[in-house]
1. What number comes out for accessible area per residue over segment 80-121 if the probe is 1.4 Å? Units Å², please.
2. Roughly how many Å² of GLU159 are accessible to a 1.4 Å probe, to the nearest 10?
3. Could you please state how large a percent of the accessible area of segment 134-190 is carbon and sulfur, counting protein chains only and using a 1.4 Å probe?
4. Using Cα centres only, tell me the gap between segment 142-161 and segment 82-107 in whole Å.
5. Describe numerically, in nm with one decimal, the distance between label points set 7 Å from Cα along Cα→Cβ at LYS142 and at ILE180.
6. Over segment 117-158, consider all pairs of different Cα atoms and compute the Kirkwood hydrodynamic radius from their mean reciprocal separation; express it in Å, one decimal.
Amino acid sequence: MNEKNNKGILTNLVRRLLLIVVGLTIGVNMYLANARGLTGNQMPMPFGTGCAVVLSGSMEPELSVDDLIIVREAKTYNVNDVVVYQNGFELIVHRIINIDGDVITTKGDANNVEDTPTDISAIKGKVVASIPRIGLIAQVLKTPLAILLLGVLAFGLMEVSFRKEKEADSKNLDAIKEEIRLLKAQMDAEGKDEEE
């Protein structure tokens with residue numbers, strides 16, 4: 001009985017975790033789509049932190065294509081900081097090579113030419129961490145097909161889990177009914193013995 005309870009607890013835990021992952025994935029994607037579509041903000045930074053995926057090799061060897069970067073807003077930026085800034089509808093991850101008042105100049109480590117100077121207000125934040133190659137997963141999870149497949153998978157797994165649980169409950173109910181039937185038959189047999 002204890003093993004059965006542990007299995008039920010584990011099943012419920014997996015089901016809830018799956019629902020949380022699906023809910024967060026869909027919720028975050030909706031938030032990001034709305035922020036990008038309504039405000040033109042290519043990198044919303046709730047709580048001053050955001051993440052992005054490196055799409056080019058301009059920061060090799062420090063950052064590679066498909067690295068996931070964690071970006072945090074800062075009060076000040078310095079020469080040599082690797083920052084993310086928005087240029088139109090494009091995010092650029094480059095190193096600050098010059099600061100002149102409110103104008104910064106950046107350059108990719110692997111590039112030969114510096115970028116066009118831009119206002120410091122365009123900076124989203126400073127790169128504080130990177131996770132190699134994980135960005136590919138993040139990019140895939142942003143696609144509508146992946147969201148749909150994740151939802152279908154979650155629904156399928158929950159349905160299988162519910163069916164197994166229902167089958168187990170049905171078997172338990174059948175066993176209880178059989179035991180009641182046997183007890184009733186036994187009581188009827190004892191009642192007939194007493195009448196004779």
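1. Numbers: 2330 Å² over 42 residues.
Normalised by residue count, the accessible surface of segment 80-121 is 55 Å².
2. Counting only protein heavy atoms, GLU159 exposes about 70 Å² to solvent.
3. Details: 3260 of 4610 Å².
Of the solvent-accessible surface of segment 134-190, carbon and sulfur hold 71 percent.
4. Segment 142-161 and segment 82-107 have Cα centres separated by 39 Å.
5. Label at LYS142, label at ILE180, 5.8 nm between them.
6. Values: mean 1/r = 0.0743 Å⁻¹.
Roughly 13.5 Å, rounded to one decimal.
The values are calculated or read from the model by the stated rules, or taken from the named source; none is laboratory data. Just so it is clear, the structure is predicted and the values come from calculations on it, not from any experiment. Neighbour counts are summed over all protein chains in view; Cβ atoms, including those assigned to glycine, are modelled from backbone coordinates with ideal geometry. Accessible surface is based on the protein model in full, side chains and every heavy atom, while ligands, DNA and RNA are left aside. Shrake-Rupley method; radii C 1.70, N 1.55, O 1.52, S 1.80 Å.
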